[in-house]
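Here, each number is a calculation from the coordinates, and none is a lab measurement. Just so you know, these numbers come straight off a predicted model, no measurement behind them. A quick note on method: Cβ atoms are made from the backbone with ideal geometry, for glycine too, and the neighbour counts reach across all protein chains shown.
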Protein chains: 2
Amino acid sequence: MKPSDFVRQDRLWDRLMSMAQLGATNKGGVNRQALTEEDGRARRLLADWAQARGFDVYQDAIGNLFVRRPGTDDNLPPVTTGSHLDTQPTGGRFDGVYGVLAGFEVLEALEDGGIQTPHPVEVVAWTNEEGARFAPTAMGSGVYVGKLPLQSALETVDVEGVTVADALSAVTAMTPEAEERPLRSPVAAYIEAHIEQGPVLVTAGETIGSVTSIQSQNCYQIEIYGEEAHAGTTPRVNRSDAVLAAVEAIAHLEETARDEADAMRFTVGRFIAQPGSPNTVPSHVTFTIDLRHPENAEIDRMAREIETVIPACAERRRCRAEVICTSAVPVTPFAENIVDMVDRARLDLGLPGRKMPSGAGHDAMYIAPMAPSGMIFVPCVAGISHNEAEDALPEDLAAGARVLADCLAELATG
Amino acid sequence: MKPSDFVRQDRLWDRLMSMAQLGATNKGGVNRQALTEEDGRARRLLADWAQARGFDVYQDAIGNLFVRRPGTDDNLPPVTTGSHLDTQPTGGRFDGVYGVLAGFEVLEALEDGGIQTPHPVEVVAWTNEEGARFAPTAMGSGVYVGKLPLQSALETVDVEGVTVADALSAVTAMTPEAEERPLRSPVAAYIEAHIEQGPVLVTAGETIGSVTSIQSQNCYQIEIYGEEAHAGTTPRVNRSDAVLAAVEAIAHLEETARDEADAMRFTVGRFIAQPGSPNTVPSHVTFTIDLRHPENAEIDRMAREIETVIPACAERRRCRAEVICTSAVPVTPFAENIVDMVDRARLDLGLPGRKMPSGAGHDAMYIAPMAPSGMIFVPCVAGISHNEAEDALPEDLAAGARVLADCLAELATG
């Protein structure tokens, strides 16, 4: 029997539904933002499940949580899988948590099948992949590999002024049994399972995508500073209106981002105007830009636009702009041997699928330069994600876990 | 001796500085938004001062607070003065509170001078003039005269979901001795003192403005509804991006509002994007428009633009818009006899000044159709208001109170 034969669709689904209770929203989605009470409870639940199967848990300085199934040669670096437990503020039941629980299902399948592997196999829940509460995205994996400095990550504040350091210590205290794991501990190979979050597989009626690369992504936080003034008495020529400066800049940049191929992704997801009174000219705007493209050169072109257009619009309106690039990740290619292995595993299981690039960023993009890495995509209903309506079919989720099981077992043996 | 001879600059200034402690900000301004704890404490302090001078206080169903100095014929309707105690979130020490305390100074001056008047003289602190926490502006005076329905005012919620009704009952409980005053109780005449909040008097080196009219003002709350989607995977053509729809509409409207005379005031003071995650296409934007002009026809022209452009921009981006006009107040002319009386009083006191229109809205605009009304403007430093840096000179503030004293005494006698 193969490792995939021990994967149980019902068990995986039940665990997903249990996790979906933590931060459940009225509209059937999940709000379990990074390092909140709900995130802590999700980590605690994972640790409980680990304990029940006798797996040890580990935690590093940024709160990444590892569940380890020992290998027969425990000095070998682990073969690792996983994703994240945090969600968008109006997120769904599968984004991230599926990769963690598919990985945990594989650990259980190996255990149930009595399958010994020379390498340990580990499941990791990376801290704060979404970046919704604390910027940037993929903070935990970025800090793990050393691409993001630990100290600046810990000092990051949310919109309430709470630091990552404070939120983290409350959350890690909920899994006190976790042993300390140093950052940058070696990984033999990494495969992350995830819902596609796009329309490709579901439109083609396919079950498995072996991800070849992740597109390039730059993230920006922009501050525009003007001057408060009375909305009724202050002439236009005397105003330093931060909202109008931001509006002009965004309108201009969005125009520039429009390409015929519809490949550029330009998103202003956050826009906060202060003081926020209807009859006061606003003095401060904070907004974000999330920019993605499959080609590095196109991102570079837009990056130059962002860095020139925003200060120019601000100046024209007697405001001052700060453009902060909070992260810039070029195209991440995945390891050819892993991409091929995933594709072969799904063929062996008789599952329809394809090799495909990823539109979304994932923790795997940080791990790829450190260890041979790949990803397994499964379809999500109507391609909808980052939305409370996000949905996926139990059989597709189980299929992804089966492919993952066979690949991880092969990697942990080889 | 004239009533103005009993006005004391030091007493007025000390009271202004005492009030400025309630909600004081680090930058020397005041955050005392309507129906907050701080607003309640300001009302309590005014009631304490009234009590110390033996004046009775009254309160109506929307929380307008009246201090009454009886007349010799107490059946006559009162001659009323006042303004508001609430401020902008980043407001100053004089906007509103000056009119209340200048009025209270007049009551004390009449008392100190032993000056009897046939009419009672009253000072009122109107509830929620700023409209910063609860829309619309001038809620208390609007409800008082019946231009705004009491019930809908009480049901108004702030951004936290707190109703006016709940906030109001907490605040009015702090002045339990206040007797109940019916809405729409008659007023013989009304004069409101206020800082100018603009550059006219200070630039001309003048001390007193007798206000001839208040410009027209429309206020809007706009809701744009789109659809959440993943910022990395969702093609532009599949997006319903509420921020980009709002940005396009605002950019277009601001362009339309630009006039050569720089007389149109177009302000987007509030802009809230939800869910507010950097990597999720935003599904909902709320923004406000504050629109003012000295001519009704110009406001009507822009109103038509607002009502057509916003839904069109939303539709073009597969979003849906709701345009709610929260208040529409045409140009308010003040009573000629009051305008002349104020101008004559300042001439008699040897004060430089002029007749002038008001760029800002004030509670007086709601009282004007009910009773002969006028306003007294005093300069503010650099014309700055709705800003923590708002400032005014003690001698100018006292000069305004002197003009007010002579006018109120004349009206209360005549």
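For the stretch B:1-134, DSSP calls about 65 percent of its internal beta bridges antiparallel. Of the GluC sites (Glu not before Pro) found in the stretch B:202-306, the ones in coil according to DSSP and having at most 15 other Cβ atoms within 10 Å of their Cβ are B:GLU260, B:GLU295. How big is D, in µm² s⁻¹, for the stretch B:97-225 by Stokes-Einstein at 20 °C and 1.002 mPa s if Rh is the Kirkwood radius over C-alpha pairs? Using the Kirkwood radius from Cα pairs, D works out to 121 µm²/s. Take the Cβ atoms of A:ALA261 and A:VAL162, set R0 to 35 Å, and the FRET efficiency comes out at 0.30. Checking every one of the trypsin sites (Lys or Arg not before Pro) in the stretch A:39-130 against DSSP loop status and a limit of 15 other Cβ atoms within 10 Å picks out A:ARG53. Placing unit charges on the Cβ atoms of the charged side chains and taking the dipole of the protein assembly as shown about its Cα centre, the candidate lying farthest along the positive direction among B:CYS313, B:TYR190, B:GLY226 is B:CYS313.
Roughly what % antiparallel, to the nearest 5, for the DSSP beta bridges in the protein assembly as shown?
Details: 91 of 135 bridges.
Restricted to the protein assembly as shown, the bridges split so that about 65 percent are antiparallel.
For the stretch B:143-203, GluC sites (Glu not before Pro) are listed when DSSP marks them as loop and at most 16 other Cβ atoms sit within 10 Å of their Cβ; the list is B:GLU160, B:GLU177. Its alpha carbons give the stretch A:10-138 an Rg and a Dmax of 14.6, 48 Å.
Helix content alone sets the calculated 222 nm mean residue ellipticity of chain A: runs of n ≥ 4 DSSP H residues at -39500 (n - 2.57) each, divided across all residues, give -11000 deg cm²/dmol.
Based on alpha-carbon positions alone, could you give the equivalent ellipsoid semi-axes of the protein assembly as shown from the gyration tensor, as √(5λ), descending, whole Å?
Working: eigenvalues 824, 138, 87 Å².
Sorted largest first and rounded, they come to 64, 26, 21 Å.
With the convex hull of its Cα atoms as the shape, the stretch B:216-329 has an orientation-averaged projected area of 6.9 nm².
State the antiparallel share, in %, of DSSP beta bridges confined to chain A, rounding to the nearest 5. Write out the running numbers ahead of the final one.
Numbers: 45 of 67 bridges.
Given both bridge residues lie in chain A, the antiparallel proportion sits at roughly 65 percent.
Residues A:ASP48, A:ASP86, A:ASP343 in ascending order of nearby Cβ atoms (within 10 Å, fewest first): A:ASP48, A:ASP343, A:ASP86.
Once the mean of 1/r is taken over each pair of separate Cα atoms and inverted, the stretch B:346-414 shows a Kirkwood hydrodynamic radius of 13.9 Å.
Percentage of Cα-Cα pair distances in chain B greater than 28 Å, rounded to whole percent?
Looking at chain B, the distances longer than 28 Å represent 49 percent of pairs.
Work out the charge dipole of chain A with +1 on the Cβ of Lys and Arg and -1 on the Cβ of Asp and Glu about the Cα centre, then indicate which of A:SER141, A:VAL162, A:PRO278 is farthest towards its positive end. It is A:PRO278.
When a footprinting reagent is the concern and you count Cβ atoms within 10 Å, what order do A:CYS319, B:CYS313 take, fewest first? If you can, show how the numbers build up before the last one.
Numbers: A:CYS319 26, B:CYS313 22.
The order, fewest Cβ neighbours first, is B:CYS313, A:CYS319.
The residue among B:LEU150, A:GLN9, A:ALA368 whose Cα reaches farthest toward the positive pole of the charge dipole of the protein assembly as shown, with charges on the beta-carbon of Lys, Arg, Asp and Glu, is A:ALA368.
For the stretch A:219-329, the Cβ-based charge dipole about the Cα centre amounts to some 440 debye (Lys, Arg positive; Asp, Glu negative; other atoms uncharged).
Working from Cα pairs under 8 Å separated by at least six residues, relative contact order for chain B is 24 percent.
Based only on other Cβ atoms within 10 Å, what is the fewest-to-most ordering of A:SER373, B:SER18, B:SER240? Could the numbers behind the result be given before it?
On the way: A:SER373 26, B:SER18 13, B:SER240 21.
In order of increasing Cβ crowding within 10 Å: B:SER18, B:SER240, A:SER373.
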